[in-house]
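Every number here is computed from the coordinates shown, using simple stated rules; none is lab data. All of these numbers come straight from a predicted model, not from anything done at the bench. Cβ coordinates were reconstructed from backbone atoms using ideal geometry, including for glycine residues, and neighbour counts include every protein chain displayed.
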Amino acid sequence: MIREKLTLACAAATSPKMDLGHSKRTTGALLALIIGSSAVTGCIQVNAPEDAIVIELNINIRQEVIYRLAEDAGNTIDENADIF
Amino acid sequence: MKKSVLRNVSLALGTAALALGGFATAAQAQRDPAYAAARASGQIGEKMDGYLGIVGAGSSQLQAMVSDINIKRRAVYAQKAQAANATLEEYSLTAGCLAIARTAPGEKYQAPDGSWQTRTSAPPLRDSRCP
């Protein structure tokens with residue numbers, strides 16, 4: 001028992017690649033913590049925001065493009081009155 | 001003599017204008033009665049993206065009609081977008097802005113939060129980028 005403890009402590013302290021090993025271990029510990037905590041709560045709760053969700057439809061489309069196309073689109077609607 | 005010729009010419013012109021007018025209305029077909037009824041009753045509405053949507057649970061018949069019209073719209077948008085050097089999405093969103101603006105009171109349209117709204121005499125709730 002005691003010997004095992006000592007060996008572990010020695011390896012951690014003297015290894016030249018200790019930093020690497022250490023960070024990996026930290027990541028592992030963190031992962032375990034995350035998994036552990038989610039296991040404790042059972043499930044992740046997502047609460048819906050109280051404000052209305054605004055659908056930003058094609059946010060990349062700029063207003064100036066819409067303004068440029070407006071007249072043409074208006075004519076298109078007029079020309080295709082059966083489907084508009 | 002000269003007067004009668006003039007009258008004949010003007011008569012002919014009038015007839016031609018009438019005929020042309022008749023052709024124009026024939027080419028610019030109006031909404032199918034089933035489509036017009038579904039719009040008026042609020043079963044379908046104009047979406048922000050330039051296409052029609054079904055408000056609530058629609059019958060399969062209604063779904064077929066809406067998808068048929070939407071396919072036709074898409075074809076028109078694609079053609080016009082290419083001619084205007086724009087993308088399909090840019091063009092259809094613009095058309096959606098205008099189609100919502102042109103809804104009649106009582107008809108349904110989609111507000112920026114995605115909800116269906118009934119058009120009143122007040123201006124519709126639209127995307128902030130709409131002209």
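Taking B:Y51, is it facing another protein chain (nearest Cβ under 9 Å), hydroxyl-bearing (S, T, Y) and buried (at least 18 other Cβ atoms within 10 Å of the Cβ)? No, not satisfied.
Residues in segment B:102-115 that are within 13 Å of chain A (Cβ to nearest Cβ) and surrounded by fewer than 16 Cβ atoms within 10 Å (Cβ to Cβ): B:A104, B:D113, B:G114, B:S115.
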